[in-house]
Amino acid sequence: MGKELKLLAEQIMKEKGVNKDTVIELLEAALISAIRKKYGNKSSIKIKIEPQSFDISIYEIKKVVETVKDPSSEISIEEVKQRFTDKGIGDTVEIPISIQEFGRIAAQTAKHVLFQRIREIERSLIYEEFKDKVGSVVSGTILRKEKGNFFLLVGKAEAILPDREILPQDNLKRGDIVKAYVVEVKQTSKEPVIKLSRTHPNFVAGLFTLEVPEIQDGIVEIKGVARDPGERTKIAVYSKNPAVDPVGACVGMKGTRVQGVVRELRGERIDVIPYSEDPSLFVAKALTPATVVRVGINEESKTAIVIVEDDQLSLAIGKKGQNVRLASKLTGWNIEVLSESEYQQLKTKPFEK
């Protein structure tokens with residue numbers, strides 16, 4: 001049985017990444033469980049596995065007594081004297097059990113228990129690994145689609161990417177390698193549940209973090225993201241070093257960095273906005289690509305009136321109001337956009353509070 005166990009242990013160590021000491025502990029626990037099924041729970045069993053050969057020694061532990069009342073846990077002093085010279089009444093002795101007596105069925109039981117415990121450890125390791133990845137971006141290979149969910153192989157774990165969390169332009173198929181944002185990791189009685197998203201605003205932030213060394217180094221900070229998944233994203237960035245342009249760092253030489261993000265997002269448009277503590281300046285920049293003439297701020301109601309040239313009005317508002325809506329979401333200010341003509345007309349009318 002030692003050769004069989006050694007092969008099994010080596011397989012487990014290779015495939016599951018479990019070290020030898022852990023495998024031996026699990027084997028011992030599995031064998032004890034199987035032996036107790038054969039000899040009964042009353043028996044006190046000890047297992048020793050030789051770490052190199054994986055040869056097994058099985059012992060039944062019994063208490064030395066004058067008169068045996070419970071044969072499963074006691075042994076008479078007379079019998080002990082024939083085997084041990086240094087044991088007396090009240091001591092415990094280890095009585096070897098022949099491995100042949102263990103039996104084929106008990107061996108199968110041990111193997112079943114072992115694999116069960118390995119699965120539990122594997123699940124625990126996966127959970128421990130991924131619980132710290134919540135809020136980060138991972139890469140995975142599409143395995144299948146089932147009941148409205150895509151299943152991805154991420155490392156050694158299966159993760160779920162719901163259909164509602166993919167981009168409109170995504171055409172995912174088996175074997176595709178895609179990136180996604182880890183939204184949640186839950187421990188369950190079965191496998192850990194790892195939920196992914198490609199529509200989450202922070203997915204864009206995570207992609208920029210992967211592309212931009214200055215973000216990884218903490219020089220450039222992402223201050224906020226506003227997103228219409230698959231269509232447009234506005235991301236506000238700030239540099240802690242005056243010598244580093246945060247927008248330039250995120251865009252990259254000839255746009256290489258931002259284009260890397262755009263490719264992963266299937267062509268989603270991205271506006272990289274310089275963050276400013278000055279709300280007027282921040283609001284004006286957030287309305288990119290429109291050029292703003294001036295901004296009026298009402299701190300109390302947190303509203304901003306933005307004036308643009310007449311030919312910039314539609315650009316500032318955007319299709320179906322998308323540009324101004326995302327700018328409002330990014331800045332946290334309720335933005336109203338007026339053309340210069342509209343503003344001049346309002347100036348000639350009495351002001352209404």
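Could you please find all residues in the stretch 14-72 being in contact with a Gly (Cβ under 7 Å, 6 or more places away or on another chain), at pLDDT 75 or above and part of a helix (DSSP H, G or I)? Explain how you work it out, then say what you get.
Initial filter on the stretch 14-72 (in contact with a Gly (Cβ under 7 Å, 6 or more places away or on another chain)): 38, 53-56, 64, 72.
In the following step, the residues that additionally are at pLDDT 75 or above were identified as 53, 55-56, 64, 72.
Scanning the stretch 14-72 gives no hits.
Only strands (runs of 3 or more DSSP E) wholly contained in the stretch 284-353 count here; list those with 2 or more residues that are under 41 Å from the mean Cα position of the chain (by Cα) and closer than 19 Å to Ile273 by Cα. Spell out the reasoning first.
Numbers: elements: 292-298, 303-308, 334-339.
Of the strands (runs of 3 or more DSSP E) lying wholly inside the stretch 284-353, those with at least 2 residues that are under 41 Å from the mean Cα position of the chain (by Cα) and closer than 19 Å to Ile273 by Cα span 334-339.
Within the stretch 190-209, the set of residues being aliphatic (A, V, I, L, M), without any contact (Cβ under 8 Å) to a residue 60 or more places away in the chain and touching a Leu at 6+ places or on another chain (Cβ under 9 Å) comprises Leu196 only.
Among the residues examined, Thr209 qualifies as under 30 Å from Ser239 (Cβ atoms) and within 18 Å of the chain's Cα centre (by Cα).
Go through the stretch 299-332 residue by residue and tally those that are over 22 Å from Glu231 (Cα atoms) and among the hydrophobic types (A, V, I, L, M, F, W, C).
Going through the stretch 299-332, the residues over 22 Å from Glu231 (Cα atoms) turn out to be 299-311.
Retained after the next criterion (residues that are among the hydrophobic types (A, V, I, L, M, F, W, C)): 304-308.
Going through the stretch 299-332 one residue at a time, the tally reaches 5.
Taking the criterion of being over 24 Å from Pro168 (Cβ atoms), of a type in the set (A, V, I, L, M) and assigned to a strand (DSSP E or B), the residues of the stretch 227-279 that qualify are Ala236, Val237.
So, in the stretch 169-189, of the ones that are part of a loop (DSSP other than H, G, I, E, B) and in contact (Cβ under 8 Å) with a residue 40 or more places away in the chain, which residue ends up surrounded by the fewest Cβ atoms within 10 Å (Cβ to Cβ)? By that ranking, first place goes to Gln169.
Test Arg164 against the stated conditions and say whether it is over 30 Å from Ala34 (Cα atoms), in a loop (DSSP other than H, G, I, E, B) and of a type in the set (D, E, K, R).
Working: over 30 Å from Ala34 (Cα atoms): yes; in a loop (DSSP other than H, G, I, E, B): no; of a type in the set (D, E, K, R): yes.
Spelling it out, it is not the case that Arg164 is over 30 Å from Ala34 (Cα atoms), in a loop (DSSP other than H, G, I, E, B) and of a type in the set (D, E, K, R).
Filtered by the rule that a residue be out of contact with any Ser or Thr (no Cβ under 8 Å at 6 or more places or on another chain), among the hydrophobic types (A, V, I, L, M, F, W, C) and modelled with pLDDT of 80 or more, the stretch 115-159 gives Ile126, Phe130, Val134, Val138, Ile142, Leu143, Phe150, Phe151, Ala157, Ala159.
Could you check how many residues of the stretch 210-226 are part of a helix (DSSP H, G or I) and either more than 23 Å from Thr331 (Cβ to Cβ) or of a type in the set (D, E, K, R) (or both)?
Looking only at the stretch 210-226, we keep the residues that are part of a helix (DSSP H, G or I), and these are 210-211, 213-216.
Subsequent filtering for residues that are either more than 23 Å from Thr331 (Cβ to Cβ) or of a type in the set (D, E, K, R) (or both) retains 210-211, 213-214, 216.
The number of residues fulfilling the criteria is 5.
The values are calculated or read from the model by the stated rules, or taken from the named source; none is laboratory data. Just so it is clear, the model here is predicted, and its values are computed rather than measured. Because the Cβ atoms are built from the backbone with ideal geometry, glycine has one as well, and the counts that use them run over all protein chains shown.
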